[in-house]
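**Q** Take a look at the following structure, please.
No lab work stands behind these numbers, since they all come straight from the coordinates. Owing to the predicted nature of the structure, the values given are computational and were not obtained by experimental measurement.
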Amino acid sequence: MLPITGLTKAAESPKARSSRSAGTFTVAEETPCGAAVAADEPASVSLGGLLSLQEQDAPEPATDRRARRHGRAMLDALRRLQTGLLSAAGDAGALEHLAALLDDAPEAEDPALRATLAQVALRVRVELVRYGFA
């Protein structure tokens, strides 16, 4: 691709372009098509990409790993309860398992994880009350 070095009207010829000095542009014809970008130009990087890289490098605290696993276990138990209800085979064991998971819920250090787990725990409480298990 040829670099753009100024402004001009599209219908003008190269000779007409060179006769003007202000408000014109020229195309450098020596540059081959597909030439590499100059090394001194900064690469564009998004802020979100940098933040995600930083988050990946930071080790997750053990309490957050345990809380995340526990949250997944609560979601799996809720999914099994839903599947049991949809198949008309209510499972009291699923409710007991949900109650046990709710009682053993660890506290997370990460505020966003803590808020998410609080929402999952609230859903578990709602289901337990709904089926008279609380």
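**Q** Please tell me the relative contact order of the stretch 59-130 in percent, rounded to the nearest whole number, where contacts are Cα pairs under 8 Å and at least six residues apart. Display every interim value, and only then the final one.
**A** Details: 54 pairs, mean separation 31.5, N = 72.
Reported as a whole number, the value is 44 percent.
**Q** Further, regarding this structure: Working out 0.36 nm times the residue gap between Leu75 and Ala118, then minus their Cα-Cα distance, what length gain in nm do you get to one decimal? Could you put the intermediate results ahead of the total?
**A** Numbers: separation 43, 0.36 × 43 = 15.48 nm, distance 1.21 nm.
The span from Leu75 to Ala118 would gain 14.3 nm if fully extended.
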